[in-house]
Amino acid sequence: MRFAVLPVLLSIVLAACGCATPKAATNTRGTAAGRAALATDPVSQDEPRRMIPVGAFSYADLAPVLDKWTERVDAGDHEIWFRISSFGGDMFAGMDLIQRIQDDKREHGIVTVCVADNWTISMGFTFLQGACDVRLMTAHTILLAHNGSGGAKGTVEQMLESVEILKALNEAIGTMECTRLTISCDEYFAKIAKYAWTMAAAEAKEVGAVDAIIALKDLPRIYTLAPVRHEIEIEL
C-alpha cells in the first residue's frame, strides 16, 4: 500500500491500525441499554439474522461486502450484523468502508452488531472498534491491535519527515481506537508500543474491546457474497 504526502515518498504498511469511532445510532437500540440487551441476548428477533462476512481488507475484497451492506440498508434493516474473520489489510480501504457505514448509520438509524470470529487482527480489530455498536466475540477468537509500520526513501529530510508523518498517524489513529476501551489511551499506547497487543476472549472483555462473548451455537447464518472482483494493475 502506498501513501504519498506532498513531495514525500512514503510506503506505509499500516495493515489498519485505527479508525474513527462511531457514535451510537439514535434509535432505542443505539442506547446503552439497547446495546447491553443485544449483547446478552444476541439471537432474539422476529426473523432470522444473517451476518455479512468481512475478511481481507482491500478494495476488491470489500466490494461485495459494501454491496451487501447497501442491499440491507436499502431493504430498511435497522440492525445489521457482520462476522469479522480477518488478518487485516489496506487501512484506506477499511477506513472508506467504515466511513460509509457511519454515514448510513446516522442517516437511517441503523445499529451494527459485529462478531469477531477466529481472527480479528489489525484492520479487523480497527473495524470492530470503528464500525460496530455492539461488539461480540467467540471464545476461540484472537484480537490483535498494533501501531503502523512502514518504510521511506528519498533524501534525509524526506525520510525524517516520513517518520514524523507516521508518528502522527499512529497517535491520531490510536487515539480514535482507544476511546472504545475501558483502559486509558496511555495504557493502550503502552500495550501496542512494542508492535502488537494480542487478546484472548477474557482479556478482550475485561478491557472493553468487546461487549460480550457469544457461543458458536448462537451465531446467525452468514450471507453468501458475490465473487470478489479482483483488481488488476498493468504497467507499460
Checklist entry - When the residues of segment 197-217 are filtered to those that are in a helix (DSSP H, G or I) and free of Cβ contacts under 8 Å to residues at least 40 places away in the same chain, which remaining residue is farthest from the chain's Cα centre (by Cα)? => result LYS217
Item to check | Residues being small (Gly, Ala, Ser) and open to solvent by 10 Å² or more (accessible area, probe 1.4 Å) - total across segment 119-139 | outcome: 1
Checklist entry - With respect to ALA145, is the statement that it is in contact with a Phe, Trp or Tyr (Cβ under 6 Å, 6 or more places away or on another chain) and within 18 Å of ASP90 (Cα to Cα) true? => result yes
Checklist entry - Residue check, ALA116 against (1) open to solvent by 60 Å² or more (accessible area, probe 1.4 Å); (2) in contact with a Ser or Thr (Cβ under 9 Å, 6 or more places away or on another chain); (3) within 20 Å of ILE84 (Cβ to Cβ), all met but one. Which one? => result (1)
Next on the checklist: Can you tell me which residue is modelled with the highest pLDDT among those in segment 57-99 that are buried (at least 19 other Cβ atoms within 10 Å of the Cβ) and part of a loop (DSSP other than H, G, I, E, B)?
Outcome noted: GLY88
Checklist entry - Does GLU164 fit the bill of being modelled with pLDDT under 95 and open to solvent by 70 Å² or more (accessible area, probe 1.4 Å)? => result yes
Checklist entry - Looking only at residues in segment 115-161 that are of a type in the set (D, E, K, R) and in a helix (DSSP H, G or I), which one is farthest from ILE213 (Cα to Cα)? => result GLU157
Item to check | Count of segment 192-224 residues which are under 24 Å from LEU169 (Cβ atoms) and modelled with pLDDT under 95 | outcome: 5
Next on the checklist: Please verify whether LYS105 is in a helix (DSSP H, G or I) and open to solvent by 10 Å² or more (accessible area, probe 1.4 Å), treating the condition exactly as stated.
Outcome noted: no
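The values are calculated or read from the model by the stated rules, or taken from the named source; none is laboratory data. Keep in mind the model is a prediction, meaning the values are calculated, not measured. In this analysis, Cβ positions are derived from the backbone assuming ideal geometry, glycine residues included, and neighbour counts consider all displayed protein chains. With ligands, DNA and RNA removed, areas are computed over all heavy atoms of the protein, side chains included. Shrake-Rupley method; radii C 1.70, N 1.55, O 1.52, S 1.80 Å.
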